[in-house]
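The values are calculated or read from the model by the stated rules, or taken from the named source; none is laboratory data. What you are looking at is a predicted structure, and each value in this text was computed from that prediction instead of being measured. Here the Cβ positions follow ideal geometry from the backbone for every residue, glycine too, while neighbour counts run over all protein chains shown. Just the protein is used for accessible areas: all its heavy atoms, side chains included, with ligands, DNA and RNA removed. Shrake-Rupley method; radii C 1.70, N 1.55, O 1.52, S 1.80 Å.
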Amino acid sequence: MAAAAAGVRRRAAAFLLSSAVRHQSSQSTSLQQGLVAKTSLTSPPWPEVELPDPVEEAKYHAEVVQKVNKMIATGQYGRLFAVVHFASKQWKITSEDLIMMDNVLEAECGDRIRMEKVLLVGADDFTLVGRPLLGKDLVRVEATVIEKTESWPKINMHFWKRHNYQRKKIIVNPQTVLRINTIEIFPCLS
């Protein structure tokens, strides 16, 4: 019985000693946190970025929008290009470009279609980027269906040697050719 009581006393003394050491070490680390040396790991490797004043930024934005609207209204922007989303792909196009897509289009040959999902329009001096799309009242991209045809036959051959196994599949995909007629932009930026 006396041995059990001595063991309990030893464990209690050890617990008190460890809690006292833990308390002392937490105090020493809190004092050391104020004295951190300036190293490459204490601050990020990139320079601090200061944000511009919102009033000046709004003023600059208004100037840029006014300048782009003036260029569009006078037609002094040069040749336009656009990025459109069509047939599950993105195409960078200019006027008089040809696009060959590997799918069936509902329009017949000679029909004019309008591409409404315009992601970006640019010229020599400016680029308008949509988030995610540009408005239908801002940009107009028109195309004509030139040709509806099929691709060259692709042969998909499976062959296992010494097993008398041969399978041949001929794959032909429908294709549609479009000519981009015009890319028009209207001066209604806000």
Where labels lie 7 Å past Cα in the beta-carbon direction, separation of Thr144 and Gln76 in nm: 3.3 nm
Charge tally in the Cβ shell below 14 Å around Trp160, where Lys, Arg are +1 and Asp, Glu are -1, Trp160 excluded: +4
Trypsin sites (Lys or Arg not before Pro) within region 76-156, DSSP loop, no more than 16 other Cβ atoms inside 10 Å: Arg79, Lys117, Lys136
Dipole of region 100-152, positive direction: furthest Cα of Gly130, Thr149, Cys109, with charges on the beta-carbon: Gly130
In sequence order, calculated HN-Hα J values of region 171-181 (Karplus, 6.51, -1.76, 1.60; Hz; x Gly/Pro): 10, 10, 9, x, 10, 10, 10, 10, 10, 6, 7
Whichever lysines have a C-alpha closer than 24 Å to that of Lys154, once near sequence neighbours (fewer than 8 apart) are set aside: Lys89, Lys168, Lys169
Whole-Å semi-axes of region 40-85's equivalent ellipsoid (Cα gyration tensor): 36, 19, 8
Förster radius 25 Å - calculated FRET efficiency between Asp124 and Gln66, Cβ distance, rounded to 0.05: 0.85
Probe 1.4 Å, all protein chains present, accessible-area order of Trp46, Trp160, Trp91, largest first: Trp46, Trp160, Trp91
